[in-house]
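Engineer: Submitted below is the structure of interest, expressed as structure tokens.
The values are calculated or read from the model by the stated rules, or taken from the named source; none is laboratory data. This one's a predicted model, so the numbers in the text were calculated from it and none came from an experiment. Cβ placement follows ideal geometry from the backbone for every residue including glycine, while neighbour counts extend to all protein chains displayed.
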């Protein structure tokens, strides 16, 4: 006879079996980021073979600062298996493939991903239990294997509200649920891919009390727009004073959010460096535009040091997205430099 194991026992067993670095990342409060990042580098140099080969080729195998750590070009997630030796993925995420081949991220610990995105969301957006979350992400649902859908699905479940859910093109139903949520004093959060939010905005609903989070992406459905043009159209059509954005991608397990002014705040497990466009080993100061390199501590079992194809700049309060080098698959920053 099968006897199910109590949930608290399962959790205890998992916590006892996780790698010590995962425990540190889960408990990380943002202090001494460099020290933890260097320890993560050492683990990944020893256990992630493709990253070790890349580091050896670069000649940078004993970094003492974040700037000295080799950053793996993001396209390696399209051409190689990026996962620590001895670990098997319990879920596989794939990019939308708008620019061609789909990137693949092999996730050895969904628990670490869930812990990370929940903490960042609560810190930057709010408590899901006080919200109704409506998700307008048709292309991600249609293609499947999306890290964004995985994240939003868990946040929807965290709301414990029957009004929360995913939608393909049921725009009237979104408005109806928004109104019901308002009547119950719930904060409404609408996650939406850019082209679908524009479709909704053309109906000119009054969603003035909602937090609208665009996740980027025309996905070939509409003409590309600058971020300013997109947000102006959405604010006008949805009657919202502000439009928020999410910065995330298949290859990352941490996120950043922009609430009002286009300035993204990185999650506690994320730190950005801006590299010189023509020299990947030279980093530039705040206020100047260059290529974005990301340290994502939550990527413990793949690679935490990623050279993206995004252009951006840092300031003392966060970072801005200025565009990108090519058509890489990105959420929340997919508009071309004008």
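Engineer: Scanning region 86-97 for residues that are within 19 Å of residue 151 (Cβ to Cβ), over 14 Å from the mean Cα position of the chain (by Cα) and part of a loop (DSSP other than H, G, I, E, B), which turns out modelled with the lowest pLDDT?
Structural biologist: 97
Engineer: Any idea which of (1) part of a helix (DSSP H, G or I); (2) buried (at least 16 other Cβ atoms within 10 Å of the Cβ) is the one residue 134 doesn't satisfy?
Structural biologist: (1)
Engineer: Another question about this same structure. Return yes or no: is residue 173 over 18 Å from the mean Cα position of the chain (by Cα), surrounded by fewer than 18 Cβ atoms within 10 Å (Cβ to Cβ), without any contact (Cβ under 8 Å) to a residue 12 or more places away in the chain and within 20 Å of residue 195 (Cβ to Cβ)? Break it down stepwise before answering.
Structural biologist: Working: over 18 Å from the mean Cα position of the chain (by Cα): yes; surrounded by fewer than 18 Cβ atoms within 10 Å (Cβ to Cβ): yes; without any contact (Cβ under 8 Å) to a residue 12 or more places away in the chain: yes; within 20 Å of residue 195 (Cβ to Cβ): yes.
Criteria met by residue 173.
Engineer: A further question on this structure: Residue 204 fails exactly one of the following numbered conditions: (1) surrounded by 22 or more Cβ atoms within 10 Å (Cβ to Cβ); (2) in contact with a helix residue (DSSP H, G or I) (Cβ under 8 Å, 6 or more places away or on another chain); (3) at pLDDT 95 or above. What is the number of that condition?
Structural biologist: Failing condition for residue 204: (1).
Engineer: Taking region 44-59 as the search range and keeping residues that are touching a residue at least 12 places away in the same chain (Cβ under 8 Å) and in contact with a helix residue (DSSP H, G or I) (Cβ under 7 Å, 6 or more places away or on another chain), which one is surrounded by the most Cβ atoms within 10 Å (Cβ to Cβ)?
Structural biologist: The extreme case among them is 44.
Engineer: Now for a different question. Tell me yes or no: at least one residue of region 263-276 is surrounded by fewer than 18 Cβ atoms within 10 Å (Cβ to Cβ), more than 16 Å from residue 72 (Cα to Cα), at pLDDT below 95 and in contact with a strand residue (DSSP E or B) (Cβ under 7 Å, 6 or more places away or on another chain).
Structural biologist: Yes: one or more hits.
Engineer: Residue 197 is checked against (1) more than 17 Å from residue 152 (Cα to Cα); (2) in a helix (DSSP H, G or I) and fails just one. What number does that condition carry?
Structural biologist: (1)
Engineer: Looking at (1) surrounded by 15 or more Cβ atoms within 10 Å (Cβ to Cβ); (2) modelled with pLDDT under 95; (3) within 23 Å of residue 158 (Cα to Cα), which is the only condition residue 244 fails?
Structural biologist: (2)
Engineer: Determine whether region 60-68 contains at least one residue that is modelled with pLDDT of 95 or more, touching a strand residue (DSSP E or B) at 6+ places or on another chain (Cβ under 6 Å) and under 30 Å from residue 101 (Cβ atoms).
Structural biologist: There is no residue in region 60-68 that is modelled with pLDDT of 95 or more, touching a strand residue (DSSP E or B) at 6+ places or on another chain (Cβ under 6 Å) and under 30 Å from residue 101 (Cβ atoms).
Engineer: Would you mind stating whether residue 63 is surrounded by fewer than 19 Cβ atoms within 10 Å (Cβ to Cβ), in contact with a helix residue (DSSP H, G or I) (Cβ under 7 Å, 6 or more places away or on another chain) and not in a helix (DSSP H, G or I)?
Structural biologist: Yes, satisfied.
Engineer: While we're on this one: In contact with a strand residue (DSSP E or B) (Cβ under 9 Å, 6 or more places away or on another chain), at pLDDT 80 or above and within 25 Å of residue 197 (Cα to Cα): is that true of residue 331 in this structure?
Structural biologist: Considered against the rule, which asks whether it is in contact with a strand residue (DSSP E or B) (Cβ under 9 Å, 6 or more places away or on another chain), at pLDDT 80 or above and within 25 Å of residue 197 (Cα to Cα), residue 331 comes out as no.
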